1. Look through C:VAL72, C:VAL68, C:VAL59, C:VAL105 and report the one residue that is β-branched (Val, Ile, Thr), touching a helix residue (DSSP H, G or I) at 6+ places or on another chain (Cβ under 6 Å) and within 13 Å of chain A (Cβ to nearest Cβ).
2. Step by step: first the residues of region B:205-236, then only those that are of a type in the set (S, T, N, Q) and out of contact with any Phe, Trp or Tyr (no Cβ under 6 Å at 6 or more places or on another chain), then the one that is nearest to B:ALA155 (Cα to Cα). Which residue is that?
3. Of the numbered conditions (1) out of contact with any strand residue (DSSP E or B) (no Cβ under 6 Å at 6 or more places or on another chain); (2) at pLDDT below 95, A:ASP395 satisfies every one except a single condition; which is it?
4. Residue by residue through region A:95-108, note down the ones that are out of contact with any Pro (no Cβ under 9 Å at 6 or more places or on another chain) and not polar (S, T, N, Q).
5. crowded, with 21+ Cβ neighbours inside 10 Å, within 14 Å of chain A (Cβ to nearest Cβ) and at pLDDT 90 or above: is that true of C:GLY116 in this structure?
6. Go through region B:264-273 and count every residue that is surrounded by 21 or more Cβ atoms within 10 Å (Cβ to Cβ) and either modelled with pLDDT of 65 or more or more than 8 Å from chain C (Cβ to nearest Cβ) (or both).
7. Assigned by TED's automatic domain parsing to the domain that holds A:LEU225, at negative phi, in contact with an Asp or Glu (Cβ under 6 Å, 6 or more places away or on another chain) and surrounded by fewer than 24 Cβ atoms within 10 Å (Cβ to Cβ), is that true of A:LYS192?
8. Looking only at region A:113-129, which residues are out of contact with any strand residue (DSSP E or B) (no Cβ under 7 Å at 6 or more places or on another chain) and part of a helix (DSSP H, G or I)?
Amino acid sequence: MTSLMENLGRMAVLVGALASTHAYAQDTIRIGAPFELSGRFVAYGAQGKRGVEMAVDIYGGKIGNKKIEVLYRDVQSNNQAAVTAFTELTQQEKVDFVIGPIASGIVAASVPAWRQTKPLWIVPGSSSTQLEDAMKGEPLFFHTYPWAYQYHEGAAKSLADAMGKGKKVAIVYSDGAYGREQLPWAKEFYTKNGFTIVATELVREGSADLNPVLQRIRQTRPDVLVGIVQTTDGIQLAKQIHVAKLNIPVLVGTAYPQLQEWSQATGEAADGWIGVTTYLPGMKRAADPKLAKLFPSLTDWEVDFKKRYNREPEFLDVTNYTSMMMLLVAIERAGSTDKEKVAKEFTKLDIQTMLGSSNFAPTPGGALHQAFNDMVVFQRVGEKFVVLYPPDAADGKLQLKK
Amino acid sequence: MQARFVIYALLAIAAILLPLVAPPVMNNLILRVGSLMILAISWNLAANAGLISLGHSAFWGLGSYAALLVANRLGWPFFASLIPAMLIGAISAAAIAVITGRLRGIFFAIAMLALSEGLRVIAVMTPEFTGGGAGVFIDQALRPSTQTVAMVTAACAVGCAIIAYWISLTPFHYACRAMRNNENAAEMLGINPLRFRIAVLSLSGAMASLAGGVNIWYSGFLDPAIGFDLHVTILAQIAPILGGIHTLAGPIIGAFATIGLSEVTRVMVGEQGFSLLVYGVILVFSILCMPKGIYGTWLTWSQRKRQTTPTAPSATKAATP
Amino acid sequence: MSLLLQCLVDAILLGGLYSLMAIGLSLGFGVTRIINFAHGEMIMFGAYGAYFASILLGVDPLLSLPVVAVLVAAASALLFKGLIEKVLDAPHINQILLLFGIGLVLQNVAAILWTGDARSVSTPYALTAFEFDTLLVPHGRVIAFVTAAILIVALFCWLHFSELGRATRAVAENGQAATLMGINVSRMYMISFGINAALGSATGAISAFLLTVTPFMGFHMLVKAFAIVVLGGLGSVPGTILGAFALAFAETWVSYYVPDGSGWAEGVSFVVLLCVLIIRPKGILGQAVAVH
């Protein structure tokens, strides 16, 4: 049994070494970046990290004479690891600024850990209204991604304008957080805009066959189908709708119809789908007049991104780049690393970014700082995107699918 | 013997009191190591009786949901909520013991896997009751301090270790071992396998649910994917295997080693996907090169050493439970 | 009525895919007595193989299937020789954890090499269907069904009519006796492991146009394959097929006729699985496999 003692002793030393506080360098600005760098949400985390990395690089790696040090942590797409990473960043590394993670479940799991020290926290993901509710009135919480309800507000309105009243809507939603969260909002906004909801069908995440659901929907003969699912299920949905020849004139997704990932996987089935987003590849957005180097025109930025990463950017790349760049500018303007002062500068930012104006505003759900909720509704026509909404940016009319 | 007990007791008290003085990151580690230790002891207890569970996340999840629901709906505080958590674990485990009757080995393992997946589906499909896929936060106003939760976790871990030790002293433990080796033979020896099965599994289930219940108060957010996460099942078995299966010290050492490993890979390997990869590689190699786990390997090594230098005869006995 | 017919057709087509998905797992257990927890990853690698053959070389998944299967089989045989053979006599739990660890490694290797992006091949036949009045029979699913049927028949013939196949069955029935008869058991194990991996990767190649390919698709399929294998009886080829169709019918029926059925379907399969384990733990057609 002495062996047990010794082993325990060794372990204790190991744990102690792990937990010992690092020297805290004064001449650096430290920003925590917990992302999903492995596990099932690795695609999100990878985009987050790319965006942050690129922002720091373009900014020049320094604010004044202080080096920017980003502490990336892998939250392993796991809630316990997220709590640990968050706690480690805020309480051991003592960072005052955190950006990430992205997936709604992982962000939600980080909230209690955030409450311990309350650093300035930018969440460039999670559309969950649970999060909005939990962070009600928090002055240091900044959300740079749309909330669940914002997806459907614009889409329902623009479709009502184009199609007239009295049309029938069928909704397909996934059994995960994503679908469950958005379903009530989709119902509310479509009903408000004069649509009748004839079917709400649940699908299992990762299901191998959606045909049963599609056959049930077929019997209700809807004019519009809204698919509130994650990208993986979105691929399955689009392909099977195409195969089943459901003859629904209007197919609406959430963010996925813009992803190359989705369109490559669905092939010709992608044609005609309508999506909702804050960023669209090839969209025209001008550079900021004063900070053109940091916030170039979207076209220039996309060229730069492709040069660096040899691939097309996705919207989380853009969202994370923009969020991080705004933070760096705010720190510079505050002239200090005091989180309260930086937060103040952050809310005052008035920059023309690739995602639209950087103005933060409170939301009806009670979150204080929300940016980039100018949703764009678009339709895929062949290889192109036609913007349907908002009216001032529209460059085409809704085309019904045959 | 006496001196050793005193040292253990002091160590246990130190572990429980550590959260009072430790930095918050340390508390986080105490919590993770402690809850994994409970889980590992629980898993090892069932494994000792020949019941290999591939669904310990079922108990963990039930415990988490029980604690969260009584807190959010009935306003039960931290300590009180752990009682229904343990009860539901014990009751469901007893039910499983009865239902699975004489299933053994791989069949019992798969039945547990099915149970866990089935419970996840139920949690997803009853959002009015569980919050469903969108998940729920535990009532913020009821949450105790991190220190309290860490202390309770450490205390529970110590408690579970004591229970496991106590079992190793009673005839119960021999009955379990007999069942592990051959249930029919055990029956002939006058052991009622079903009664033992129910007893062992209930205890194991209650422990795993307790770990889940404590943990939800720390992490504060629950959804079906978190509650019935396969990762919990994996950790529950990796820890005893890594530490040394069918031993008292194994799960305890294993819990430290597993969390240590996970932390090292998480912090050191920042590149995409690498941390879980390294975790997997280490798992594969430790099973190939150290099938008896850290403790078992150490024992073999020290026994060999002792054979060459014949001293200290008393230390070997405690190693076998 | 038309809905019932559609339900039957969907179930049959799904059953074909499920059979192929589970058969390697079942046979593997019959021969080596090891549950291959990395079977899902074999499926995943097959799917990526077919996907890249299609994207980079323009080869149809059905044409690349044999090549992919042979490659995965060879790699798996090496894996068996290098790692798995060492735990053949170890307790079950070590085997399970070893294979689980291998699965974890393979998943994350795939995630590192090919990112976590979801992919799928859109061959012309994957997006069209036969239509008989209101009845819909997708071409892709018919092709998948036929491919699965061909492979399973081929497997059956191999097991019964070839020297090597008979030896495999002998090993499955009694390893010790087989050794006495002069069969090189360890070589048979390796061959059988390779063939089972090949069957898994063939399922993957079909999935490349039928389903969505991600590094993490394997676990989901593994759990389902478990249900099927236990339902049918571990180690039994006909039992597995029966189990696959039983599960496909149960799932499809629930999806069609129960409100929110698509969400419940998986849960119902686990209930069925638990019931089978309780009532008849050997499965529908289980042979006398030692319950240990």
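1. Every option except C:VAL105 fails the conditions.
2. Once the filter is applied, the top-ranked residue is B:ASN215.
3. So the condition that A:ASP395 fails would be (1).
4. Those that are out of contact with any Pro (no Cβ under 9 Å at 6 or more places or on another chain) and not polar (S, T, N, Q): A:ALA103, A:GLY105, A:ALA108.
5. No; evaluated as a whole, the condition is false for this residue.
6. Result for region B:264-273: 2.
7. No: the conditions fail for A:LYS192.
8. A:ALA113, A:ARG115, A:GLN116, A:THR117, A:THR129
The values are calculated or read from the model by the stated rules, or taken from the named source; none is laboratory data. What you see is a predicted model, and the numbers here were worked out from it, not measured in a lab. Neighbour counts are summed over all protein chains in view; Cβ atoms, including those assigned to glycine, are modelled from backbone coordinates with ideal geometry.
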